[in-house]
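What follows is calculated from the coordinates using simple rules that are stated; it is not laboratory data. This one's a predicted model, so the numbers in the text were calculated from it and none came from an experiment. Reconstructed Cβ throughout: ideal geometry from the backbone, glycine too, with neighbour counts over all protein chains shown.
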């Protein structure tokens, strides 16, 4: 068991098939809706994960968390010479009391032919992170070619 920080295999195929859009809010066409769900240390999320609902041991509802996680705000897409990238705004759970080991970003949009709640990537926190009656925040890295959470490079 464990959580691996990686893009999942099915996401790569679905991306080439045009199933995921990382356009920012207000862009035309509109982007997909991406969510982030939190998981305990008793789960497995790796390159073979295909969808939200596949991994077990999501952080339970209550204590400031609702299963399914938060909806993410996409910051759009950009590119450098050899790298295309996208990122999300930071997201938080307030009045929170729970422990999480990592997360799954997934596409909750309904697109014909796409696996429902298709997995995009898993992210390990490197150990359990606990919050007690506070705010649990995921800070995404700077949206640039070397740090963005999702990067495609040659």
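Tabulated data
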| read-out | value |
| --- | --- |
| Residue 95-residue 153 FRET efficiency (beta carbon distance; Förster radius 30 Å; 0.05 resolution) | 0.15 |
| Extension gain, residue 80 back to residue 133 (0.36 nm per residue minus Cα-Cα distance, nm) | 15.0 nm |
| Antiparallel bridge percentage (DSSP; both residues within the chain; nearest 5) | 95 percent |
| Relative exposure of 59, 131, judged by other C-beta atoms within 10 Å (fewest first) | 131, 59 |
| Length added when fully stretched, residue 23-residue 44, from 0.36 nm per residue minus Cα-Cα | 4.6 nm |
| Sequence of 79, 129 once ranked by neighbouring C-beta atoms within 10 Å, starting from the fewest | 79, 129 |
| Fewest-first ranking of 103, 121, using other Cβ atoms within 10 Å as the exposure measure | 121, 103 |
| Helix-only CD estimate at 222 nm, as mean residue ellipticity for the chain, using -39500 (n - 2.57) per DSSP H run (n ≥ 4) | -1500 deg cm²/dmol |
| For the range 32-100, diffusion coefficient by Stokes-Einstein and Kirkwood Rh (Cα), 25 °C, 0.890 mPa s, µm²/s | 176 µm²/s |
| Whole-number percent relative contact order across the range 2-153, with pairs defined as alpha carbons under 8 Å at least 6 apart | 30 percent |
